[in-house]
Amino acid sequence: MMVWLNIGSLLLGLLAWTLPLVNLFQNRTNHVAFPILSMGACAVSLSFQIFYHYHLVTIGDWSAIMDISGAVAFAAAVLLGGTILLNALTLIPHKKEVIS
């Protein structure tokens, strides 16, 4: 059952990157909702990984924790950095609206 946390984390991470791209390539009048949903999906995705690590600690699977901790930390940094960068890029076409 805990494997769903990893699948959900992956899907929400992909959603966090897809929403800014959709917002960037479509001309929408309400451009604020997509970055908020994107950052929310990123936050829930990272939370799922924290819950999965907590599950591994609870069952005492220390070898699994040692095997995946480095990769999870790197993937979390890439996900967060990519999400922030993509959402920042969506603000560039609306720069005039934000300034005025």
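The values are calculated or read from the model by the stated rules, or taken from the named source; none is laboratory data. Keep in mind that what you see is a predicted model, and the values were worked out from it rather than measured. When we count neighbours, we look across all protein chains shown, and the Cβ atoms used for this are built from the backbone with ideal geometry, even at glycine. Side chains included, ligands, DNA and RNA excluded: accessible areas come from the protein's heavy atoms. Shrake-Rupley method; radii C 1.70, N 1.55, O 1.52, S 1.80 Å.
Listed here are the residues, each with its yes/no results for (1) modelled with pLDDT under 95; (2) over 10 Å from the mean Cα position of the chain (by Cα); (3) among the basic types (Lys, Arg).
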residue: Leu10; (1), (2), (3): no, no, no
residue: Leu24; (1), (2), (3): yes, yes, no
residue: Asn30; (1), (2), (3): yes, yes, no
residue: Ala33; (1), (2), (3): yes, yes, no
residue: Ile36; (1), (2), (3): yes, yes, no
residue: Met39; (1), (2), (3): no, no, no
residue: Phe51; (1), (2), (3): no, yes, no
residue: Gly60; (1), (2), (3): no, yes, no
residue: Gly70; (1), (2), (3): no, yes, no
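Considering only segment 37-61, state which residues are under 16 Å from Gly8 (Cβ atoms), open to solvent by 50 Å² or more (accessible area, probe 1.4 Å) and without any contact (Cβ under 8 Å) to a residue 12 or more places away in the chain.
Selection gives Ala43, Ile50, Tyr54.
Checking Ile99 against (1) among the β-branched types (Val, Ile, Thr); (2) at pLDDT 95 or above; (3) more than 13 Å from the chain's Cα centre (by Cα); (4) farther than 23 Å from Ile7 by Cβ, which single condition isn't satisfied?
Every listed condition holds for Ile99 apart from (2).
If you scan segment 20-36, which residues turn out to be under 16 Å from Gly81 (Cβ atoms) and either out of contact with any Leu (no Cβ under 8 Å at 6 or more places or on another chain) or open to solvent by less than 60 Å² (accessible area, probe 1.4 Å) (or both)?
Pro20, Pro35
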